[in-house]
Amino acid sequence: MKMRTSSFGYLQRNSFIHRLNPLTKFAVLILLVILTVTLVSDIVSLSIFVFLLLGYIGAGINLRYAFGRLRRLIAFILLIAMVQLLFTSYGIILFYLIPPLAPGFGPFFPITITGIANAINLAFRLINIVLASALFVAITDPSRFVAALTSLRIPYRYGYTLVLALRLVPLFDKESNTVQAAQRARGIPVDQGIIRGFLRRVRFTFMPLLFSALGRIDALTLAMDGRGFGYAPTRTYLIFPNFVIKDWLIVCVSIFLTSLLLWYFLFVAPLPHIIG
């Protein structure tokens with residue numbers, strides 16, 4: 001029986017993107033999210049999607065990793081897009097999902113070109129946000145990210161909270177796979193069906209993971225107390241990422257391009273669309 005390994009967390013590579021300052025990557029992430037949320041256009045969303053795929057390739061990360069992030073949320077994304085499609089009643093009507101069944105009854109749920117465009121736009125925006133966030137996590141060392149945050153006068157206690165989340169999520173994901181493999185070895189199918197499989201995973205994996213998490217938290221608390229965590233208001237780092245010329249250049253160019261696109265499409269020209 002082959003057990004699926006954890007696919008969350010930082011992936012160590014030696015690419016140019018990996019070597020950038022974590023604050024540079026975080027700034028580009030924020031700007032991409034702003035563009036994704038503000039410019040509601042299928043052409044803009046598709047362009048950001050292609051840019052993110054090129055980012056995965058440039059970072060030396062297999063595209064299966066990127067689409068693996070979407071596999072966990074594809075049902076939620078499709079549900080949101082379907083709601084947008086069914087409840088958008090304005091625009092050119094193509095057909096009705098429920099035609100007239102009797103005089104005075106129906107039709108219901110018109111499928112319009114605007115509804116299709118809105119559903120595609122919303123799905124692409126969600127996909128882009130997930131891909132951008134997963135790319136940032138995959139190319140950013142949590143320890144270096146916290147060290148970079150402290151350069152902004154952010155207390156290291158708050159930064160350590162972020163590191164803890166980034167470190168423990170892959171660990172708990174791996175332990176969840178271990179528990180599910182153990183349950184399958186005992187003859188308990190925990191991954192058959194969508195709804196039923198989800199309920200089985202909650203029933204047969206939640207309690208073991210809960211006890212494991214409580215044990216790890218207890219051990220982590222003792223280790224932090226033993227090492228004097230929080231004793232001093234500041235701390236030192238073995239590797240401290242510096243903000244060099246290439247980081248300033250990327251941040252400045254990213255802010256300029258984002259501002260230019262927002263100004264042009266919000267105040268000068270309408271947003272381009274393929275559909276609608």
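The values are calculated or read from the model by the stated rules, or taken from the named source; none is laboratory data. As the structure is a prediction and not an experimental result, all values here were calculated from the model. Don't worry about glycine lacking a Cβ; one is built from the backbone with ideal geometry, like all the others, and counts go over all protein chains shown.
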Extreme residue, farthest from the chain's Cα centre (by Cα), among residues of the stretch 91-144 that are of a type in the set (S, T, Y) and not in a strand (DSSP E or B): T114
Looking only at the stretch 234-250, and only at residues there that are of a type in the set (D, E, K, R) and at pLDDT 90 or above, the one that is farthest from T114 (Cα to Cα): K246
The stretch 58-90: number of residues that are outside any helix (DSSP H, G or I) and either farther than 12 Å from A119 by Cβ or aromatic (F, W, Y) (or both): 9
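Restricting to the stretch 251-272, and then to whatever is within 24 Å of N118 (Cα to Cα) and either among the aliphatic types (A, V, I, L, M) or surrounded by 14 or more Cβ atoms within 10 Å (Cβ to Cβ) (or both), can you tell me which residue is nearest to the chain's Cα centre (by Cα)? Even if it seems obvious, please write down each step before you answer.
Narrowing the stretch 251-272 to residues within 24 Å of N118 (Cα to Cα): 258, 261-272.
Narrowing the set further to residues that are either among the aliphatic types (A, V, I, L, M) or surrounded by 14 or more Cβ atoms within 10 Å (Cβ to Cβ) (or both) leaves 258, 261-262, 265-266, 268-269, 271.
Working: T258: 20, L261: 23, L262: 23, F265: 26, L266: 26, V268: 32, A269: 30, L271: 25 Å.
Going through the qualifying residues, I end up with T258.
Being modelled with pLDDT of 80 or more and under 21 Å from G55 (Cβ atoms): is that true of A119 here?
On the way: modelled with pLDDT of 80 or more: yes; under 21 Å from G55 (Cβ atoms): no.
Answer is no for this residue.
Say whether the condition of being among the charged types (D, E, K, R) and modelled with pLDDT of 75 or more is met by at least one residue in the stretch 147-167.
Looking for residues that are among the charged types (D, E, K, R) and modelled with pLDDT of 75 or more, one finds at least one in the stretch 147-167, hence yes.
On the given criteria, is I275 in contact with a helix residue (DSSP H, G or I) (Cβ under 8 Å, 6 or more places away or on another chain), among the β-branched types (V, I, T), surrounded by 10 or more Cβ atoms within 10 Å (Cβ to Cβ) and at pLDDT below 75? Walk me through how you get there before you give the answer.
Numbers: in contact with a helix residue (DSSP H, G or I) (Cβ under 8 Å, 6 or more places away or on another chain): yes; among the β-branched types (V, I, T): yes; surrounded by 10 or more Cβ atoms within 10 Å (Cβ to Cβ): yes; at pLDDT below 75: yes.
Here the answer is yes, as I275 does meet what is asked.
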Candidates F16, F49, F26, filtered to the one that is over 13 Å from L131 (Cβ atoms), hydrophobic (A, V, I, L, M, F, W, C), at pLDDT 90 or above and within 14 Å of the chain's Cα centre (by Cα): F26
Residue that is surrounded by the most Cβ atoms within 10 Å (Cβ to Cβ), among those in the stretch 215-250 that are assigned to a loop (DSSP other than H, G, I, E, B) and hydroxyl-bearing (S, T, Y): Y237
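Results for (1) of a type outside the set (S, T, N, Q); (2) farther than 24 Å from L11 by Cβ; (3) surrounded by 17 or more Cβ atoms within 10 Å (Cβ to Cβ), shown as yes or no for each residue.
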residue	(1), (2), (3)
V44	yes, yes, yes
S47	no, yes, no
L52	yes, no, yes
Y65	yes, no, no
R69	yes, no, yes
L78	yes, yes, no
First in the stretch 32-47 and among the acidic types (D, E), second anywhere and crowded, with 16+ Cβ neighbours inside 10 Å and assigned to a helix (DSSP H, G or I), Cβ under 6 Å, 6 or more apart: D42/I120; D42/N121
